[in-house]
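The values are calculated or read from the model by the stated rules, or taken from the named source; none is laboratory data. This one's a predicted model, so the numbers in the text were calculated from it and none came from an experiment. Cβ: placed from backbone, ideal geometry, glycine included. Neighbour counts: every protein chain shown. Surface accessibility is based on the protein's heavy atoms, side chains included, excluding ligands, DNA and RNA. Shrake-Rupley method; radii C 1.70, N 1.55, O 1.52, S 1.80 Å.
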Amino acid sequence: MKTIITAIALTGASALGMTAAVPDYLNDNLPIEQRVEDALSRMTLREKINIIHAQSKFSAPGVPRLGIPEIWCTDGPLGVRPEVLWDEWEQAEWTNDSCTAFPSLTALAATWNTDMAQLYGQSIGEEARFRNKSVLLGPGVNIYRTPLNGRNFEYMGEDPYLASKMVVPYVNGVQSNGVAVCVKHFALNNNEINRHTSNPIVDDRTLYEIYLPAFRAAAQEGNAWTFMGGYNLFRGEHASYNPILMNDILKGEWGWDGAVISDWGAVHDTRTAVSGGLDMEFGSWTNGLTNGTSNAYDNYYLATPYLKGIQDGTYTTTELDDKVRRVLRLTFRTVMDRNRPFGSLNSDEHVAACREIGQEGVVLLQNRNDLLPLQLDKVKKIAVLGENAIKMMTVGGGSSSLKARYEITPLEGLKKRIGDKAEIVYARAYVGDPTGEYNGVITGQDLSDPRSPEELRDEALKVAKDADVVLFFGGLNKSNHQDCEDTDRESLDLPYNQNELIEAIAAVNPNTVVVNISGTGVAMPWANKVSSILQAWYLGNETGNTLASILTGDVNPSGKLPYTYYATLDQCGAHKLGEYPGHPSIDKLGNEVMDMPYNEGIYVGYRFIDKNKLKPTFPFGHGLSYTKFEYGKATIDKKEGSADDTFTVTVPVTNIGQRQGKEIVQLYISDVKSSIDRPVKELKGFKKIDLQPGQTEEVSFEINKDALSYFDADKHAWVYEPGDFQALIGASSGDIRTKIPFKITK
Ligand code: BGC
C-alpha cells in the first residue's frame, strides 16, 4: 500500500513538473553544455583546482562530493598499458591487465586503408573501455622528419595527407567506445634527443602545410576529445602550454572544445601553464608521495600554486573556468556517458584485427626472381637467421611498451605454418639485446648467448650455405637508440654488425630474404645483393603468424611505405639542410635550449627527394605484390574550370597477374607554374582496391580547392593560383604511371 502511495505521489509531482531532484549535470537528456554549466556552478574553487591536475600517475580525481567520477588515462597508441603503481612507473602486478598488442602505427599507416584505421581504433578502444579507462594516450601523428627519431614507430609517416586520412577513423573508432583519444604530441615533437629542450625553428608555411594537418584533421574531422602537448619548445614556450599552438591555433582557429593534457612532466611553470591553454597537468613528479612536502600532487603547478595565485589576485578565474569546462566536457563524453558500451579485452575479434592490420601493413620492398612466396613444393631446407626471429618485441620502446597476453615470434609462426613441409634450421647470427624488461614487465625469454660474434657468424654462414632459402630476421628492437622513446638512433645503419652479416650471408646464398623488423627506415647498402626484402614493423601478438602468412603466400602483401626509405641521411632534408639535433642556445627565460632550425622547410620526405632528383633506396608509397597491376590512361571530366569546381580523374587499373591482390593507387597533384616555390608533387588522394586476376577497376578521385592550395603565410590563409595543374597517378611517388593536365581559370 505504502509503495503505491509513493508511486502516485511521484507521478503527481512529475505531472506538476516537480521532478527536479536530478540535478542538470546528471541529466543526460540535457545538452552537454547545460550540464557543464550546472556542474561548474556547483563546484568550489578547490574542487575546480583539483579536477585539472593528477592525483596519481595516470588519474585525476573528479569531484567526489558531486559524484563526478575520476578520469583514468592509459598509454598508449599500440595497446592498453599494464596498470602501474599509484605513484610509480613500476607495474602494479595485476593479473588481469594483459592486452592485445596491435601493430605499430607505421604499420597501420602502411596499410593505406582507412577501414583498417577504423578497425584499429574500434578494437583498442574496446580494450581501453573494458579496462575502465576514460582516455587512451594516442594516437601519435608527429611527422616523420628524420628516420633517426626514436618514436617514428608510434606515428603515421612523413606525409600530412596520409596521416590525416588515417588518423580520423582511428579517432572515431576509439571514441565510439566512450573513450577519448589523446592525440599526441602537439606539435613539432619530431625527435627524442633533447626532447625537453628542443626548440624547432619553423616558419608558418611549413608548420601549416607539413606539421599541423594531421592534428587539424583529428581535431576538426575526428572531433578528438583530448590532445597532448609535446615536451619540446616552440617560439619561446613549451608546447604543452604554448599560446600559439594551444590558444591561437587549436582552440582559436580550429574552434576545438576538448581538453589539453600535458605530456607527463612537461609542465615547468604555473603562470604560463595558466595562460597557455593547458587544461590538465600530469606527471610533474615521478614519485608523487615523497618529492613534495605533503601530498606532492598538491604542489603541481596547476594545484596549490594556482589556487594561491587566484586567492591573492594574480590570476582571475576566467582561465580556470575554461579549463574546468573542458575537463567536465571530457567527463560527460566518457566516464559519465551512461550509454557507452562495455568494451572487451583479448577477444578473438581483436586478435583477428591485429593479424589483418599487420597483413595489410607488411611491405614487400623487393622480390627478385619471385623468390617469395616460398614455394614449399620445391624448398626443402629453410635457414632462419637473426635475433629478431626469436625476440619478443611487445615489451620495450618506452611508454608504448605492453604486457601482451601472448606473442608469437617469427620462428614460432613459421614452424607452425610450415610444419613438416620443409626443414627449418635456426641460427642466431648475432646477439643484439638479449634483455626483455620494461617497468617490471618481463618477456620471460632468456636470450643470453655466451658465444663470440665470430662463432655466431660462422654458424649462420654454415646454415645459410646449406639451405635452399635464407630468411634473415633483423632490424631494430625497441631497446635504447633502436626505436625507443627518449633516445634517437645514432645512425641510419642497422646495429650489431648486421650490414656485414647480411652481405656475408648473401655471398654464400643469393636466395636470401631480409625481413626488416623496425618502425622506421634503415640503410640497406646490401639491397642489391639479396633477393627479397620485407618491411615487417612491430606486429604485436600475431607477429609470427602474420609474417608466416605473407612469406608462404597465404596472404598477398599489399602495404606501401608511409615514408621514404633513404639510402643515406644526406637524402633527408632535415639532415642535409636542417639542423639536427640543433645547437645550444638560451631562451627568453634564461633556460638552456637546443635551437633546431627546420631549414628544409616544406621539403620533407619525398618532397625533398623530388626537388633534388635523388634516388632513395625505396620511394614513399612503394610496395610490391605477388601479382602485378597495369595502369591505363587517366581521363578527366573537364579540362578546365574554376577552383570551386570539382574535377574527377579516373584511371583503369587491372590485375594482370595470376592471383588476387590489393593495390594502393595514389594521386599526386602538381602545380605546373606558380609564383612561389612548390613541391614537384604532393599526395592528394589514394585508394586501396582488391582485384581478382584479370579484373579491372575504374578508380576515381575528386580534386577540389584543398588539393590545389598552399599556405600563404602573409595572408595567413590557404590560397590557390589559377593556371596549369597536373594530376599524376601512380603506384608510388617514384612510379607515376599516368598524368593528365587541367587548368584552373580565374
Ligand atoms: C610520453 C607520452 C606518454 C606519457 C605517459 C611520456 O613520457 O611522451 O607519450 O603518453 O609519458 O606514459
Amide H neighbours of PHE686 at under 5 Å, excluding residues fewer than 5 places away on the same chain, with H built from the backbone geometry, are LEU667
Using alpha-carbon pairs under 8 Å, 6+ residues apart, how would you state the relative contact order of the chain in percent?
-> 14
Inter-probe distance in nm under a simple model that places probes 7 Å from Cα toward Cβ, at ALA507 and GLN658 | 3.5
Pull out the extension gain between ASP38 and VAL431, defined as 0.36 nm times the separation in residues minus the alpha carbon to alpha carbon distance; nm, one decimal.
-> 135.4 nm
Under the Karplus relation with 6.51, -1.76 and 1.60 and θ = phi - 60°, whole-Hz ³J(HN,Hα) for region 653-666, x at Gly and Pro, equal 10, 10, 7, 9, x, 9, 9, 4, x, 10, 10, 9, 8, 10
Counting only protein heavy atoms and leaving out ligands, DNA and RNA, the solvent-accessible surface of TRP264 at a 1.4 Å probe, in Å² to the nearest 10, equals 20
Calculate one ³J(HN,Hα) per residue across region 342-355 by plugging θ = phi - 60° into the Karplus curve 6.51 cos²θ - 1.76 cosθ + 1.60, and present them in order as whole Hz with x for glycine and proline.
-> 8, x, 6, 10, 6, 6, 4, 5, 5, 5, 5, 5, 4, 5
Helix 453-465 vs. the chain, principal-axis angle (Cα, 0 to 90°, nearest 10) | 60
How are the Cα pair distances of region 119-192 distributed, in percent, across 5 Å bins from 0?
-> 3, 18, 26, 21, 16, 12, 4, 0
Kindly provide the helix-only [θ] at 222 nm of the chain, computed as the sum of -39,500 (n - 2.57) over DSSP H runs of four or more divided by all residues, to the nearest 500 deg cm²/dmol?
-> -7000 deg cm²/dmol
Cα convex hull of region 360-435 - mean projected area over all directions, nm² | 7.0
Length gained, HIS716-ASN480, 0.36 nm per residue minus C-alpha separation, equals 80.9 nm
If you count the DSSP beta bridges with both ends in the chain, what percent of them are antiparallel, to the nearest 5?
-> 60
Using +1 on the beta carbon of Lys and Arg, -1 on that of Asp and Glu, and nothing else charged, what's the dipole of the chain about the Cα centre, debye to 20?
-> 1300
Over the heavy atoms of PHE742, what accessible area does a 1.4 Å probe trace out, to the nearest 10 Å²?
-> 10
Residues whose modelled amide H sits under 5 Å from the amide H of GLY398, counting only those 5 or more places away in sequence or on another chain, are GLU485
Note to self: with every protein chain in place and a 1.4 Å probe, region 626-746 gives an accessible area per residue in Å² of 47
Filter on LYS403/LYS462; LYS184/LYS323; LYS613/LYS688 - keep pairs with C-alpha separation over 29 Å = LYS403/LYS462
For the chain, the percent of all C-alpha pairs falling in each 10 Å bin, from 0 up to the bin holding the max distance, is 3, 14, 24, 25, 19, 10, 4, 1, 0, 0
Farthest toward the dipole's positive end in the chain, which of ALA389, PHE620, TRP285, given Cβ charges of +1 (Lys, Arg) and -1 (Asp, Glu) about the Cα centre?
-> PHE620
As straight-line cross-link partners of LYS662, the qualifying aspartates and glutamates (C-alpha separation under 18 Å, not fewer than 8 residues apart within one chain) are ASP115, GLU356, GLU360, ASP370, ASP554, GLU630, ASP690, GLU697, GLU698, ASP735
Charge dipole of the chain built from unit charges on the beta carbon (Lys, Arg +1; Asp, Glu -1), centred at mean Cα; most positive-end Cα among VAL431, TYR300, GLY76 is GLY76
Separation between the ASP257 and ASP637 pseudo-spin-labels, each 7 Å from Cα along Cα→Cβ, expressed in nm?
-> 3.5
Measuring with a 1.4 Å probe in the full set of protein chains, what accessible area per residue, in whole Å², belongs to region 55-203?
-> 22
Degrees between helix 318-333 axis and first principal axis of the chain (Cα, 0 to 90, nearest 10) | 60
Give the peptides 643-652, 309-318 in descending order of average Cβ contacts within 10 Å, highest first.
-> 643-652, 309-318
For helix 498-508, what angle does its Cα long axis make with the longest principal axis of the chain, in degrees from 0 to 90 and rounded to 10?
-> 30
Share of carbon and sulfur in the accessible heavy-atom surface of region 672-713 [1.4 Å probe, %] | 43
Which order, highest average first, do 73-82, 327-336 follow once you tally other Cβ atoms within 10 Å for each residue and take the mean per peptide?
-> 73-82, 327-336
Return the ratio Rg/(2.2 N^0.38 Å) for region 613-746, where Rg is computed over Cα atoms only.
-> 1.13
Long-range amide H partners of TYR438 with built H, under 5 Å | none
Portion, in percent, of the accessible area of region 48-115 that falls on carbon or sulfur, probe 1.4 Å | 50
Sorted by average packing, counted as other Cβ atoms within 10 angstrom per residue and highest first, what order do 554-563, 247-256, 679-688 take?
-> 554-563, 679-688, 247-256
So for region 363-505, taking the charge dipole from beta-carbon charges (+1 Lys/Arg, -1 Asp/Glu), which of GLN366, ASN477, THR443 sits furthest toward the positive end?
-> GLN366
